[in-house]
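To start, the structure under review is shown below, and the notes come after it.
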Amino acid sequence: MSSQFLQENAVRNSVKGFTKVQQSSGDSPQSVKHQLLKVVQRVFQYRVLLTDYLNNLCPDSTEYEATQAALFIVSEITDRANDSMLQAENLQKLVHIEHSVRGQSGLLQPGRMNDVLLYTYPQKDGKYRLKNTLAVSGMKVSRPVTEKAQNVLKIEYDEYCLTLSASSCSERDDWYSCITRHIPDDYKAHNTSTFHSTVEYKRDMDMLERVQ
């Protein structure tokens, strides 16, 4: 078994599968997608088969090194396929967001999935109007305790501050977790200390009122 043979065989099967789809008439886009998915699945199956085959080979076997090299090549292909599918999925999400948000241009950029927060408000047609674009870098997020509103999430920058009120405590915590997941660690540390100091301040004020 040689790595060159496996590569040629994989390419040959992929081309044959795509050619059959192209030559068949009346196929729906869904069937084309299904056929292409089969081609991708076949490459992943090669990886599983080669792994099993290698595990059952003796290291002294004449086929061991060739199988190991073939598995390395197929593993690289499947890793790239995984990355490509993830990028395609993210791109589809971005296209949907850009279509749903009015007033936002240039949203589709390489690597763009978690670097900005879009501040929008709903419209009657089911879409959203963009009010502001907030960069995640430099963002400070906290969950302050206040009597004026419940379930508050506070987003701070050097220039301005945005205060949001969630419908429940769990929803507020979901917002907090989602945003802080993409904030650098140094800002996360600041947010944690801010939250605890706010709670302590609130507790001290309550104790002072009781004493008075």
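The values are calculated or read from the model by the stated rules, or taken from the named source; none is laboratory data. The structure displayed is predicted, hence computed values, not measured ones. Cβ atoms come from the backbone with ideal geometry, glycine included; neighbour counts cover every protein chain shown.
Miscellaneous remarks
- Criterion: at pLDDT 80 or above, exposed (fewer than 12 other Cβ atoms within 10 Å of the Cβ), over 20 Å from THR120 (Cβ atoms) and of a type in the set (A, V, I, L, M, F, W, C) - qualifying residue of CYS161, CYS169: CYS169
- Among the residues here, VAL40 does not qualify as modelled with pLDDT under 65 and either assigned to a helix (DSSP H, G or I) or closer than 27 Å to THR180 by Cβ (or both).
- Index of the failed condition, LYS148 passing every other in (1) modelled with pLDDT of 75 or more; (2) closer than 28 Å to LEU164 by Cβ; (3) of a type outside the set (Val, Ile, Thr); (4) not assigned by TED's automatic domain parsing to the domain that holds CYS178: (4)
- Out of SER84, SER61, sole residue that is more than 30 Å from GLY126 (Cα to Cα) and modelled with pLDDT under 75: SER84
- Failed item in (1) modelled with pLDDT of 85 or more; (2) basic (Lys, Arg); (3) not assigned by TED's automatic domain parsing to the domain that holds THR180, with LYS127 passing the rest: (1)
- Residue ID - farthest from the chain's Cα centre (by Cα), chosen from residues in region 130-189 that are more than 28 Å from ARG102 (Cβ to Cβ) and among the acidic types (Asp, Glu): GLU147
- Residue ID - farthest from LEU117 (Cα to Cα), chosen from residues in region 144-166 that are of a type in the set (Ser, Thr, Tyr) and in a loop (DSSP other than H, G, I, E, B): THR146
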